[in-house]
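Undergrad: Submitted below is the structure of interest, expressed as structure tokens.
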Amino acid sequence: MTVRVQDGIVTLEGRCPAADAESLLVALQAHPGATVDVAGAKRLHMAVLQVLLALRPPLGGIPECPAFAANILARQISNGDKAT
Amino acid sequence: MDELLEQFLIEGRELVAQAGKDLSALARDPRDAAAIDSAFRAIHTLKGSFGVFALAPAERLLHAAEDMLDRARRDAGVLDGGTVAALVACLDQTDRWIDDMERSGALPDDAERVSTASTALLKPAASPAKAGAEPSRPAEWVEALKTREADLIAQAGAALVVFRYAPDAECFFRGEDPLVVAEAVPGLLALAVLPTGGDWPGAEELEPFSCFSVLEGLSTSSLEEVQAAFRMQPDQVQLARIEPTAAEKAPGEARGDATLRVDAARLDALADGLGDLIVAINALAPLAAEAQQVDRALAARIRAAQAGIEGVTAKLHRNLAAVRMVPLEPVLRRLPRMAREIAETLGKRVSLSISGEGIEVDKQVADGLFEPLLHLLRNALDHGIESPDDRAAAGKPPEGAVSLSFRRDGDRITATLRDDGAGMDPGRIRQAAVARGLLAADAAAALSEAAALQLIFLPGFSTAGTVTEVSGRGVGMDAVRAAVEKLRGTIEIDSARAQGTAFHIHLPVNALTTRLLVVEVAGERYGVALDQVVETVRVDRAALLPVGTGLACVLRDRTVPVLDLAELLDAQAVQGDHAKLVVTRSRGEPVALRVDAFAERIDTVLRPPGGLLASARGVIGSALMGDGGVLLVLDLPELAA
């Protein structure tokens, strides 16, 4: 189980496969406004990432996965404005 | 030239060639799925390339072609002979526009009209509603990305590649992770994930297993490397090169680029330098010989050092030659289109097939080959291939077949242009040559059939009753032969009445250094290019037989005319007991040239004749010798002619 909900915080851990997108969506629909803690995520599948980008929940931490290194994606996901 | 434009010209032509190949496969089998797919990708990318320059007429036309191929991908019944021909016409038009871009940097004034007319040929595909619905014109996303990543682009200070990767909605079901694909792009500088439709879906309408993102990024790698990262998704990605916004561009700083594009002039300078080195090494041999007189051990050491330097230089030479080797294919790209255009003006039908175009030759050879080949092609279409009616009467298929094939044979390549047309008539050629005063009637009659065919290479020769628009442009076959000989090549004709004609062009693969045989004539030393020498023989003086006013000898059961090189050079011939002959080929026939002695063979750089030498007959150039002297290099076929 890589998506856990506890005390109003959604936690993503380890390698999050495409299937986690649905779990994450369900969790965010059940707890609107919940913070998503991604600090322990080693890898986010595109399906999971696009849920985060679409719903923009407040994020805790920065995932370890390569796409978030340095300039890449980190800027986009941390600053609140939608890049369109 | 603007680097972006230069890149466009290179890539555009590559893509046209690829699509052209695919379309000719489709002409044979309109249901060839692999060819449909490949043509679709090439046209799609081509559209993107034109998009970078915002060339709307070209984009519209290519979009219509892309649309048709896209429908063919889903329903193989879409294509037939007519639609493939329309696609070929569309591609030919695109190719002409690329030529226009090269000439003037813009499309011609009639581009709008031509685009509309050509698009109409692809009618069912060109529904305007569909064309307008294209989500994002490439040029727009590039502009948006440049604005978004302006800081990074300015910092980079070098050309970058931008990509837009739009995975299809179902990709997750196939186990794909577009993020992994995009992360694998080499030299990734920035990556942005954007909603496909312009807005992210809300929680209610969000479909978690459908990909609704587009990935756009920026890379420091080359276009080819970025393209390679998306090799599994070629039709989902658009690429473009962008120039640095900051003016200062550090020269020589190849930011992680594995390939380097170098101005050909720099390579030529390197080749010249290497040539001088080879010449300098040639000075060691006489030095060793001199040392031999006083100290044999020292001479041996000099020779050993010479062998070492020669070994390393030879390796360097091979490496440099390899760098200069280019495949013939890019040079030949325009030929199929030109063949179609020429055939159309002549009211003939023709198919051109090319094989062996992957063979690599020295750049100089590749560049020099286009003009003579084009001229031979024009001739084959104009004079060789008959009109459809004549062909039908002769029991041939209405479409003429012209093939261009390349074969490598050691250090030489042979290009053969063969047509299945009417063939050449030696009798008519003899008559025409006599009528034009090129030679006397009895001389013409004495020529063998093969030699009679060679008459077409004489300046001022043309057998066509009327000068046609196509091949009557004031350049005759003599220009073809001159162009081939400039590359130190030879040309042969092989023709059979009613069956067709083949021209064989033999060329050296390497053009950097020339192997020369040094000969002595009347006390002077001259060089002759070894590739002009068929053989060298020593015969007894008695073996030279007087024939008419000249001499001849029998070599391999064949009577070969013997000319005195000294006389040809206006010098006094030295008579000895033995005759030393250099046999060469002039107008396809062997001719022996008598010299006083054969000296060494050397590898050297031939310098083209300049100044006074340029107008001297029978001189190909000069070579600098190890001792600082200059060796005049003779053009044997021209002297013997």
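The values are calculated or read from the model by the stated rules, or taken from the named source; none is laboratory data. Small disclaimer: the values here were computed from a predicted structure and weren't measured. Glycine also receives a Cβ, built like all others from the backbone with ideal geometry; neighbour counts cover every protein chain displayed. Quick note on the areas: whole protein, heavy atoms, side chains included, nothing else; ligands and nucleic acids left out. Shrake-Rupley method; radii C 1.70, N 1.55, O 1.52, S 1.80 Å.
Undergrad: Enter the mean number of other protein chain beta carbons within 10 Å of the beta carbon of each residue in A:48-58, as an integer. Please report the intermediate quantities before stating the final value.
TA: On the way: counts 3, 6, 15, 5, 1, 7, 12, 5, 1, 0, 0.
The shielding value for this peptide is 5.
Undergrad: What is the antiparallel percent of DSSP beta bridges lying wholly in the protein assembly as shown, to the nearest 5?
TA: Looking only at bridges with both residues in the protein assembly as shown, the antiparallel portion is about 80 percent.
Undergrad: Moving on. Per DSSP helix of 4 or more residues, -39500 (n - 2.57); summed, then divided by the residues of the protein assembly as shown. What does that give at 222 nm, rounded to the nearest 500?
TA: -12500 deg cm²/dmol
Undergrad: What aspartates and glutamates does B:K348 reach when the alpha-carbon gap must be under 20 Å and sequence neighbours fewer than 8 apart in one chain are set aside?
TA: B:D92, B:D382, B:E386, B:D389, B:D390, B:E399, B:D419, B:D420, B:E469
Undergrad: Hey, what do the phi angles of the stretch B:195-203 turn into as Karplus ³J(HN,Hα) couplings, whole Hz, using 6.51/-1.76/1.60 and θ = phi - 60°, x for Gly and Pro?
TA: Coupling constants for the stretch B:195-203: x, 4, x, x, 10, 6, x, x, 4 Hz.
Undergrad: Over chain B, with a single point scatterer placed on each C-alpha, what log10 of the ratio I(q)/I(0) does the Debye formula yield at q = 0.09, 0.10 1/Å?
TA: Reported log10 I(q)/I(0), two decimals: -0.93, -1.06.
Undergrad: Report the one residue of B:Q292, B:T83, B:A72 whose Cα lies farthest in the direction of the positive end of the charge dipole of the protein assembly as shown (charges on C-beta: Lys and Arg +1, Asp and Glu -1; origin at the Cα centre).
TA: The residue sitting most towards the positive pole is B:Q292.
Undergrad: Of all the accessible heavy-atom surface of the stretch B:357-450, with the other protein chains kept in place and a 1.4 Å probe, what percent is carbon and sulfur?
TA: Numbers: 2130 of 4290 Å².
Within the stretch B:357-450, the accessible surface is 50 percent carbon and sulfur.
Undergrad: Moving on. I'd like the Karplus ³J(HN,Hα) series for the stretch B:349-356: coefficients 6.51, -1.76, 1.60, θ = phi - 60°, whole numbers in Hz, and an x wherever there's a Gly or Pro.
TA: Each residue of the stretch B:349-356 in turn: 10, 8, 10, 10, 10, 10, 9, x Hz.
Undergrad: Before we go on, tell me the buried accessible area for the A/B pair, both chains summed, 1.4 Å probe, in Å² to the nearest 100. Intermediate results must be reported in sequence, preceding the final value.
TA: Values: alone 4960 and 31650 Å², together 34320 Å².
That pair hides around 2300 Å² of surface in total.
Undergrad: Calculate the dipole size of the stretch B:397-447 relative to its Cα centre from +1 charges on Lys and Arg beta carbons and -1 charges on Asp and Glu beta carbons; express the result in debye to the nearest 20. Before the final figure, lay out each step's value.
TA: Numbers: 7 positive and 7 negative charges, 31 e Å.
Dipole magnitude for the stretch B:397-447 comes out near 140 debye.
Undergrad: Let me ask another. Specify the longest stretch of chain B that does not include any exposed loop site, a site being one of the GluC sites (Glu not before Pro) with a non-H, G, I, E, B DSSP assignment and at most 12 other Cβ atoms within 10 Å.
TA: Details: sites that count: B:E170, B:E204, B:E205, B:E248, B:E253, B:E469.
Excluding the exposed sites themselves, the longest stretch runs over B:254-468.
Undergrad: Taking H as built 1.01 Å from N, whose amide H comes closer than 5 Å to the amide H of B:S495, not counting residues under 5 places away?
TA: Distant-sequence amide H within range of B:S495: B:A502.
Undergrad: Considering only DSSP beta bridges whose two residues both sit in the stretch B:521-641, what percent are antiparallel, to the nearest 5? Walk me through the intermediate numbers first.
TA: Working: 29 of 35 bridges.
The answer is about 85 percent antiparallel.
Undergrad: Computing the accessible area with a 1.4 Å probe over protein heavy atoms, can you report the carbon and sulfur percentage for the stretch B:29-120?
TA: Details: 1840 of 3530 Å².
Reported share for carbon and sulfur atoms: 52 percent.
Undergrad: Next question. Output needed for the protein assembly as shown: three equivalent-ellipsoid semi-axes, defined as square roots of 5 times the C-alpha gyration tensor eigenvalues, in descending order, whole Å.
TA: Numbers: eigenvalues 827, 257, 69 Å².
Each semi-axis is the square root of five times an eigenvalue, giving 64, 36, 19 Å.
Undergrad: Right, here's the next one. Please give the residues from the stretch B:177-226 for which the solvent-accessible area of heavy atoms, probe 1.4 Å, is smaller by at least 40 Å² with all protein chains in place than with the chain isolated.
TA: In the stretch B:177-226, residues shielded by partner chains: B:D177, B:L179, B:E183, B:L191, B:V193, B:W200, B:A203, B:L206, B:P208, B:F209.
Undergrad: What accessible area per residue, rounded to a whole number of Å², is obtained for the protein assembly as shown using a probe radius of 1.4 Å? Spell out each step's value before the answer.
TA: Numbers: 34320 Å² over 725 residues.
That works out to 47 Å² per residue.
Undergrad: Mean Kyte-Doolittle hydropathy of -1.0 or higher plus an axial Cα length of 24 Å or more: which whole DSSP H helices in chain B meet both? Don't jump to the answer; show the numbers that get you there.
TA: Working: long enough: B:3-28 (38 Å, 0.10); B:33-52 (29 Å, 0.67); B:56-74 (27 Å, -0.76); B:81-104 (34 Å, -0.15); B:264-281 (26 Å, 1.20); B:296-323 (40 Å, 0.28); B:363-379 (25 Å, 0.01).
Within chain B the helices that satisfy the rule are B:3-28, B:33-52, B:56-74, B:81-104, B:264-281, B:296-323, B:363-379.
Undergrad: Search the structure for amide H atoms under 5 Å from the amide H of B:V591, placed 1.01 Å from N in the peptide plane, and list their residues when 5 or more places away or on another chain.
TA: It is B:T584, B:R585, B:S586, by chain and number.
Undergrad: Now for a different question. Cut-off under 15 Å on the C-alpha distance; same-chain residues fewer than 8 positions from B:K315 excluded. Which aspartates and glutamates are left, in chain and number order?
TA: B:D603
Undergrad: Using amide H atoms built in the peptide plane, which far-off residues or other-chain residues are under 5 Å from B:D635 H to H?
TA: It is B:V619, B:I620, by chain and number.
Undergrad: log₁₀ I(q)/I(0) of the stretch B:523-641 at q = 0.09, 0.10, 0.12 Å⁻¹, via Debye over equal Cα point scatterers, no solvent, to two decimals?
TA: Values returned for q = 0.09, 0.10, 0.12 Å⁻¹ are -0.25, -0.31, -0.44.
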